[in-house]
1. Please go through the range 172-186 and pick out each residue that is in a helix (DSSP H, G or I) and among the small types (Gly, Ala, Ser).
2. How about the range 187-213: which of its residues are of a type in the set (Gly, Ala, Ser), surrounded by 15 or more Cβ atoms within 10 Å (Cβ to Cβ) and assigned to a loop (DSSP other than H, G, I, E, B)?
3. Residue check: is Thr184 modelled with pLDDT of 90 or more, surrounded by fewer than 18 Cβ atoms within 10 Å (Cβ to Cβ) and in contact with a helix residue (DSSP H, G or I) (Cβ under 8 Å, 6 or more places away or on another chain)?
4. So which helices (runs of 4 or more DSSP H) are wholly in the range 28-130 and hold at least 2 residues that are modelled with pLDDT of 80 or more, more than 22 Å from the chain's Cα centre (by Cα) and surrounded by fewer than 17 Cβ atoms within 10 Å (Cβ to Cβ)?
5. Lys144 passes all but one of (1) modelled with pLDDT under 90; (2) within 15 Å of the chain's Cα centre (by Cα); which number fails?
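The values are calculated or read from the model by the stated rules, or taken from the named source; none is laboratory data. Please read these numbers as outputs of a predicted model, since none were measured by experiment. No Cβ is skipped: glycine too gets one built from the backbone with ideal geometry, and neighbour counts run over all protein chains shown.
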Amino acid sequence: MSDTGQIEHAAGMAQAYCPGPIPSFDPFVQAIFDVVPETIILVDRYGKVLALNKAAAQRLGRPADQLIGLGPQEAADLKIRTRRQIQAAIAKISQAASTGRPQKSKDRRGSLVFETTYQPIPAGRGPSDLVLVFSRQVGRAPHKSSHDGPLSTLTPVQLAILRLIVKGMSNKEIAHQLHRSRRTIENHRARIMQRLHAEGLPHLIRIAVKLGL
């Protein structure tokens with residue numbers, strides 16, 4: 001298949017996933033599928049970027065002309081994605097290309113959940129040299145609350161004390177604010193450290209911040 005035919009076929013594959021018309025593109029046009037709001041990237045079986053749309057360039061944070069021709073190693077060096085994310089994507093691309101069958105993955109980006117489809121081109125005809133990577137938002141990640149995980153082992157009073165510890169307040173200040181004795185606050189603090197397996201105050205604060213306090 002010629003370069004023009006490959007890209008036109010990729011446009012056809014994109015149209016199968018996205019509503020609205022997808023025009024045919026000249027192979028020398030740098031940004032393709034620009035009418036599609038979701039991210040679409042055309043790569044070879046090794047993960048080298050051959051073409052992408054504006055949505056993909058915006059999500060990756062670089063102009064399209066800086067991304068076309070970029071391989072996995074260059075993407076990692078430029079910190080466009082973490083090495084772990086790139087390795088996971090390359091594994092899916094390689095699997096899709098070698099089997100001729102589409103692969104899917106889901107990942108969380110902030111509070112949003114995205115599904116990525118790795119569609120070999122052409123599909124269903126054995127190994128392929130091209131893979132269309134199409135990503136779209138499919139939902140939101142569940143909000144983590146203090147009812148889940150290690151914080152659920154703390155009483156409401158201990159949770160309140162921990163929040164004040166994170167703010168940098170001393171036992172005396174916490175006792176005054178919560179109308180408790182200093183001795184009571186010290187006892188609660190010892191139990192908090194025991195339940196969260198903290199090895200000291202700095203470690204306790206790091207644990208609390210990591211858990212979202």
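1. Ala175
2. Scanning the range 187-213 gives a single hit, Ala198.
3. When the stated conditions are applied, Thr184 passes them.
4. The helices (runs of 4 or more DSSP H) meeting that bar are 83-99.
5. (2)
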